[in-house]
1. Longest exposed-loop-site-free stretch of the chain, with GluC sites (Glu not before Pro), DSSP loop and at most 10 other Cβ within 10 Å?
2. Gaussian network model of the chain, Cα springs within a sub-10 Å range: biggest mean-square fluctuation belongs to which of Gly121, Gly108, Gly238?
3. Which stretch or stretches of region 206-225 have amide N atoms under 19 Å from the point lying 7 Å from Glu254's Cα along the Cα→Cβ direction?
4. Taking the Cβ of each residue in Tyr247, Tyr206 as the centre, tally the other Cβ atoms inside 10 Å and list the residues starting with the fewest.
5. Place a point 7 Å from Cα of Ser4 in the direction of its Cβ. Which residues in region 29-66 have their backbone N less than 15 Å from it?
6. Quick check: pseudo-label points 7 Å beyond the Cα along Cα→Cβ at Lys205 and Tyr247, how many nm apart are they?
7. What does the charge dipole of the chain about its Cα centre add up to, to the nearest 20 debye, if the Cβ of each Lys and Arg holds +1 and the Cβ of each Asp and Glu holds -1?
8. Just want to confirm a number: the relative contact order over the chain, from Cα pairs under 8 angstrom separated by 6+ residues, in percent.
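Every number in this text was worked out from the coordinates using simple rules, so none of it is lab data. These figures come from a predicted structure and were not determined experimentally. Here the Cβ is made from the backbone with ideal geometry for all residues, glycine too, and neighbour counts use every protein chain on show.
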Amino acid sequence: MKISDLKSNFKKSLSELYPSEEVQSFFNILSEKYLNLSRIEIALNPERTISATEAEKFQKAILRLQNHEPIQYIIGETEFYGLPFKVNKHTLIPRPETEELVEWILSGFPPSGAKGILDIGTGSGCIAISLAKNLPNAKISALDISEEALKIAEANAKLNKVEVDFFQTDILAAETLPMKYDVIVSNPPYVRELEKKQMQQNVLKYEPHSALYVKDEDPLLFYRAISHLAKNHLNPSGKLFFEINEYLAYEMTELLKAEGFKNIEIKKDIYGKDRMLKCKI
């Protein structure tokens, strides 16, 4: 099969499910992964012949895309803050908004600053590893309840050649943390059940629900537990950072005031939504 025929079949198979630009993006990503060819190389060599094995890989990817599986899970990797990350069904796919949270944390510290940092609910390890890459003198720790997620996070730390101390903990059951920190950061589950109807099929069907959703009657469950622990485990000048539900910024502010935090600042993401929060004890 020629690349031109492969591309034509690929677009035809997905045209009713995705916008043409997204289909083209999928094809480029898979071509890089399966054929080791860039977008430019594909355009310059439409008559190049591919093997039956390569064609079969694309066909399998088409079937998974037709079932709305995220492209990141299909190829098993993604990029976050300019770094490569492995992902699978046990980890959330890192979002651009979370990159903004990392940037906000880094903007407050020179490379030699922030000696102790804890990432709570690390998932793929994207926050902890990105911070470790940019704060080489810091001691970075990260926890998660999921053993499978921690395996991916550890693999990602090796992939990006950084040291992060990963450990398994249920933050809702924890009564203490290992030490005091300059920064505690968390992107915990915050999507309410009532907001599921706004979610895309690829998120609803494939991304781990335990890392995404909270019950409507107690949407700040994780924030309450984390902030309660953080006030006893932050150094005097330490800061607490959260990614938050855009609809619950006021409730978050009141919760943190009640826990004794001050200098509470809400930051909007690139889409103009209240998405990040920082404060100190």
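1. Counting at most 10 other Cβ atoms within 10 Å as exposed, the longest clean stretch of the chain is 48-174.
2. Top of the fluctuation ranking is Gly108.
3. Taking a point 7 Å out along Cα→Cβ of Glu254, the residues of region 206-225 whose backbone N falls under 19 Å are 215-225.
4. Taking fewest neighbouring Cβ atoms as first place, the list is Tyr247, Tyr206.
5. The answer is 42-50, whose backbone nitrogens lie closer than 15 Å to the label point.
6. Label-label distance for Lys205 and Tyr247, simple model: 2.5 nm.
7. My answer is approximately 400 debye.
8. 14 percent
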